[in-house]
1. Using the Kirkwood radius built from alpha carbon pairs, what does the Stokes-Einstein equation give as D for the chain at 4 °C and 1.567 mPa s, in µm² per second?
2. Can you sort V37, V123 so the residue with the fewest Cβ neighbours within 10 Å comes first?
3. Using only DSSP helix segments of four residues or longer, with each worth -39500 (n - 2.57), what per-residue ellipticity at 222 nm results for the chain after dividing by its residue count and rounding to 500?
4. Which values, in whole Å and largest first, are the semi-axes of the equivalent ellipsoid of the range 27-93 obtained as the square root of 5 times each eigenvalue of the Cα gyration tensor?
5. In nanometres, what is the gap between the two model label sites at K80 and L51, each 7 Å from Cα along Cα-to-Cβ?
6. Just to check I understand the Karplus step: with θ = phi - 60° and J = 6.51 cos²θ - 1.76 cosθ + 1.60, what whole-Hz values come out for the range 11-18, glycine and proline as x?
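Readers should treat all values here as calculations from the given coordinates under stated rules, not as data from a laboratory. Just so it is clear, the model here is predicted, and its values are computed rather than measured. In this analysis, Cβ positions are derived from the backbone assuming ideal geometry, glycine residues included, and neighbour counts consider all displayed protein chains.
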Amino acid sequence: MNLLLDTHTLIWFFNGDALLSENAKQSIIKLQHKKFVSIASVWEIAIKISLNKLSFGGKTQGFLDLIDNNGFELLSIDKKYILELEKLPFIHRDPFDILLIAAAISEKMHIVTADANIKKYPVNCIW
C-alpha cells in the first residue's frame, strides 16, 4: 500500500505526539507500506517556519533530514495533479491539502490524515 502523509501527520509522527492515532502510527511504521511526503508539505513547513508559526529543530533542512532518515520518499508536484485538482469540488480551502488530495487520487494512494475536510473527498484515508 502506498501512503501519502499529511503535513500534521508527519509533524506528529516525528515528535512522537499522542495526537497521532495508533492506526496511523502502525500504518506508517509497517515496513510493507511505501511512504511518500509531498514536496507541497515541505513547502508548507518552510512557510510556517519563516513566519514563526512553527518551530522545528533544524528548520526545513531538519525536516527534510527526518524524511530521508525515516525512509520516506519525496513526491514532486506533477502536472497531472493540477489537472486532477481542477475537477475537485471546492470543499477544502487549504491549497496544500487540495494538492495532496489530487496527488493521492492520481497515484491511487491512501492519505494518512486526521483532517475531516480531506475525508469529504473521494480519496482513501487512514486514521
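1. Values: Rh = 14.7 Å.
So the translational diffusion coefficient is about 88 µm²/s.
2. Numbers: V37 26, V123 20.
Ranked by crowding around the Cβ, least crowded first: V123, V37.
3. On the way: 6 runs with 60 residues, N = 127.
Theoretical 222 nm ellipticity from helices: -14000 deg cm²/dmol.
4. Numbers: eigenvalues 108, 76, 23 Å².
In descending order the semi-axes read 23, 20, 11 Å.
5. Taking the simple label geometry, K80 and L51 are separated by 3.2 nm.
6. 4, 5, 5, 4, 8, x, 6, 5
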